[in-house]
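Bear in mind these aren't lab numbers, they're just calculated from the coordinates by the rules spelled out. Computed from a prediction, not measured in an experiment: that's the story for all the values here. For neighbour counting, all protein chains shown are included, and Cβ atoms are generated from backbone atoms with ideal geometry for every residue, glycine included.
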Amino acid sequence: MKKLATVIILAATLLVACGPTREERIEQIEDFEDSIFESTVAADEGTADQLTALYTAFADKYPDDTLSPQFLLKAAEIQSNVLHTDRAVELFDRIINNYPDFEHVPICYFLKGIAYESNSEFDKAKAAYQTFVDKYPDHYMADQTRKMIPQVGMSPEEMLDQILSDANDSIIAQ
């Protein structure tokens, strides 16, 4: 009986250790994405967490795969969308630190700012936006981001007042 238990434990360990192949993991992710995007019901936190787990498991298993930073970015965006700011920022930072040559690293800084801003962490949002502008001054979004920074944390009314004030100042200057 002990031999049978040992064999079963060994077999289970091997199955868990081997897990799905890269292709099976990708197919599992794609199937899950399809089921979410085909649904007319908005994804809930549980669904977001499940998909995030699939993305991060892939990146954990295949850190050098070109899909890993893409999947991590998707996971970060999902977590940001369900207002899990800490998880989103952690994933954006993972991309920034582990995949510095990934083409969307600049956007990660910007999206960190958005995540912080949506969580009313305005000082952190400004810092993330400023880092984006400082590191990528020639990025196509840098000028607009530079203009956004002073408005972080303002109410819509305050923004409108500032815009009108700036417009009046430029009319008077002419």
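Output ³J(HN,Hα) for segment 91-103: one whole-Hz value per residue in order, computed from phi by the Karplus curve 6.51 cos²θ - 1.76 cosθ + 1.60 with θ = phi - 60°, and x for Gly and Pro.
Coupling constants for segment 91-103: 6, 4, 5, 4, 5, 4, 7, 9, 9, x, 8, 5, 4 Hz.
Over 24 Å between Cα atoms, which of Lys61/Lys135; Lys61/Lys126; Lys112/Lys147 qualify? Show your work: numbers first, answer last.
Values: Lys61/Lys135 30 Å; Lys61/Lys126 34 Å; Lys112/Lys147 17 Å.
Check vs 24 Å cut-off fails for Lys61/Lys135; Lys61/Lys126.
Using only alpha carbons, build the gyration tensor for segment 56-155 and give me the equivalent ellipsoid semi-axes, biggest first, whole Å. Walk me through the numbers before you get to the answer.
Working: eigenvalues 115, 52, 15 Å².
Listed largest to smallest, the semi-axes of segment 56-155 are 24, 16, 9 Å.
Tell me the relative contact order for segment 104-154 as a rounded percent, counting alpha carbon contacts under 8 Å between residues six or more apart. Please report the intermediate quantities before stating the final value.
Details: 49 pairs, mean separation 17.8, N = 51.
Value for segment 104-154: 35 percent.
Distance in nm between label sites at Asp143 and Glu157, each 7 Å beyond Cα in the beta-carbon direction?
Once both label points are built, they end up 3.3 nm from each other.
Rank by packing, highest mean first: peptides 118-128, 142-152, 156-166, with packing defined as the count of other Cβ atoms within 10 Å averaged across residues. Intermediate results must be reported in sequence, preceding the final value.
Working: 118-128: 16.8, 142-152: 14.5, 156-166: 10.5.
Put in order of decreasing packing, that is 118-128, 142-152, 156-166.
Restricting things to Cα coordinates, could you compute the convex hull volume per residue of segment 103-174 in Å³? It would help to have the intermediate numbers written out before the result.
Numbers: hull volume 6.6 nm³, N = 72.
It comes to 92 Å³ per residue, whole-number rounded.
Between Asp166 and Ser118, what is the label-point separation in nm under the 7 Å Cα-to-beta-carbon projection?
About 2.4 nm separates the two model spin labels.
Spin-label point model (7 Å from Cα, Cβ direction): what's the Thr66 to Gln50 distance in nm?
Rounded to a tenth, the inter-label distance reads 3.1 nm.
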